[in-house]
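Please read the structure below before turning to the comments.
The values are calculated or read from the model by the stated rules, or taken from the named source; none is laboratory data. Here the structure is a predicted model, which means the values were calculated and not measured. All Cβ positions, glycine included, derive from the backbone under ideal geometry; neighbour counts span all protein chains shown.
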Amino acid sequence: GAASKGEYRHYMLKEIYEQPTVIAAALEGRLGEEGVLVESFGPEAAALLQQARQIHIVACGTSYHAGLVARYWLERYAGIPVQVEVASEYRYRDVVVPEETLLVTLSQSGETADTLAALRFAQNKGYLSSLAICNVPGSSLVRESDLCLMTRAGPEIGVASTKAFTTQLVALMLLTLATARAKSRSVDPAILSALRKLPDLCRQVLGLDREIEALSQAFAEKQHALFLGRGAHFPIALEGALKLKEISYIHAEAYPAGELKHGPLALVDSEMPVISIAPNDDLLGKLKSNLQEVRARGGQLFVFADEGVGIDEQEDTRVLHLPHIHEALAPLLYTLPLQLLSYHVAVLKGTDVDQPRNLAKSVTVE
Ligand code: G6P
């Protein structure tokens, strides 16, 4: 059952391995021949999404990182302006809400105090409507929002969020495609077929577990780590760094790779492992020159790369290849190796993986 670890050593590992199944569940019944079934978001969703002229996304922690990915998607594929903010800042700001703005809250629990307070704060600000993307049916956030989409990840016990995050990303891709559809904007049909293949691709990536476990040894004695990504993979780098901090207590930072030269490059030496995400997208060339900047300073690189990108192993560069995926969905797939990496580092360090110190699964007080 959902509440037992079964054959797994930790809930977190079990939850990482559940991702192909729960991602399939999150898609179930929500895709038709022609695209996303917009009514999955509720009967009025088509009209609301057509009317919406911008979107504000509010969330905390890992859910916030999902929101950051969604900004890239919604702007690129649905052509709608998006702002994303952490709830604890948003709720105390003099937010200016343009007309026809949709508010989207993201929360696996639906009970996070700051996110809930942000929704309540937003209620008299003139939003077009509010949508909650949430993993817990009947939670406060769901009850108090106009629309909702459930992420169907099932109960998540590990404090460090894994499957709840990737199913949020699936939900947000569905929102992106639904918004594009409501606005009669055409989207590359290859995204839809890639979505259908996503559970299988995730399964393939989980097959890299042993290799990632071997890589993790290089981190056990390190005090710091730097995660680099570009575009929609910058938030994935943020999420990778958060996982490592949360469960292995290694100080980790994430930077958009192009920002390296404006500061963090000063930190790079042989004691600073640099983890980078290199899918096959139009920023690849730029990313490669960023990686060269790291090498030139004696940095140790760990690269998760598309099988076709031509980044090769060298003495200072470990490369793990992921199967090719449509670039729109790469943020989802590249999350998995980062989860496994922090998991194995934490196990090596002997921390309490499922219940890291000072943290709670759901923060229901401010
Ligand atoms: C806590 C958890 C995180 C989670 C955050 C937001 O800090 O430890 O894993 O991302 O709350 O939770 P929510 O339920 O709103 O997604």
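All but one of (1) touching a residue at least 12 places away in the same chain (Cβ under 8 Å); (2) more than 13 Å from the ligand (Cβ to nearest atom) hold for Q108; state the number of the condition that does not hold.
For Q108, the failing item is (2).
Within the group L174, L119, L141, L102, which residue is more than 12 Å from the ligand (Cβ to nearest atom) and assigned to a helix (DSSP H, G or I)? Break it down stepwise before answering.
On the way: L119 fails: more than 12 Å from the ligand (Cβ to nearest atom); L141 fails: more than 12 Å from the ligand (Cβ to nearest atom); L102 fails: assigned to a helix (DSSP H, G or I).
Result of the check over L174, L119, L141, L102: L174.
Out of (1) of a type outside the set (S, T, N, Q); (2) within 20 Å of L103 (Cβ to Cβ); (3) more than 16 Å from the ligand (Cβ to nearest atom), what's the single condition that is false for E34?
Going through the list (1) of a type outside the set (S, T, N, Q); (2) within 20 Å of L103 (Cβ to Cβ); (3) more than 16 Å from the ligand (Cβ to nearest atom), E34 breaks only (2).
Given the residues S270, S289, which is the only one that is surrounded by fewer than 19 Cβ atoms within 10 Å (Cβ to Cβ) and touching a Gly at 6+ places or on another chain (Cβ under 8 Å)? Full working, then the answer.
Numbers: S289 fails: touching a Gly at 6+ places or on another chain (Cβ under 8 Å).
None of the other options fit; the residue is S270.
Might you let me know whether segment 224-239 holds any residue that is among the basic types (K, R), in a helix (DSSP H, G or I) and in contact with a helix residue (DSSP H, G or I) (Cβ under 6 Å, 6 or more places away or on another chain)?
No.
Could you tell me whether segment 189-202 includes any residue that is modelled with pLDDT of 95 or more, within 17 Å of Y64 (Cβ to Cβ) and away from the ligand (no atom under 15 Å from the Cβ)?
Checked against the condition, which is being modelled with pLDDT of 95 or more, within 17 Å of Y64 (Cβ to Cβ) and away from the ligand (no atom under 15 Å from the Cβ), segment 189-202 yields no hits at all.
Here are some residues: E18, E39, E33, E75. Which one is without any contact (Cβ under 8 Å) to a residue 40 or more places away in the chain, in contact with a helix residue (DSSP H, G or I) (Cβ under 9 Å, 6 or more places away or on another chain) and acidic (D, E)? If you could, list the steps in order and put the result at the bottom.
Numbers: E18 fails: without any contact (Cβ under 8 Å) to a residue 40 or more places away in the chain; E33 fails: in contact with a helix residue (DSSP H, G or I) (Cβ under 9 Å, 6 or more places away or on another chain); E75 fails: in contact with a helix residue (DSSP H, G or I) (Cβ under 9 Å, 6 or more places away or on another chain).
The conditions single out E39.
I'm trying to understand the selection: among the residues of segment 318-341, which are outside any helix (DSSP H, G or I) and out of contact with any helix residue (DSSP H, G or I) (no Cβ under 7 Å at 6 or more places or on another chain)? Walk me through it before giving the result.
So the first thing to find is which residues in segment 318-341 are outside any helix (DSSP H, G or I), and the list is 318-326.
Within segment 318-341, V319, H321, H324 meet the criteria.
Anything in segment 207-233 that is closer than 21 Å to D306 by Cβ and surrounded by fewer than 17 Cβ atoms within 10 Å (Cβ to Cβ)? List them, or say none.
G207, R210, E211, A214
Kindly indicate whether any position in segment 76-85 is within 16 Å of the ligand (Cβ to nearest atom), under 21 Å from the mean Cα position of the chain (by Cα) and on the phi < 0 side of the Ramachandran plot. Full working, then the answer.
Looking only at segment 76-85, we keep the residues that are within 16 Å of the ligand (Cβ to nearest atom), and these are 84-85.
Okay, now just the ones that are also under 21 Å from the mean Cα position of the chain (by Cα), so 84-85.
Now restrict to residues that are on the phi < 0 side of the Ramachandran plot: 84-85.
Scanning segment 76-85 turns up at least one residue that is within 16 Å of the ligand (Cβ to nearest atom), under 21 Å from the mean Cα position of the chain (by Cα) and on the phi < 0 side of the Ramachandran plot.
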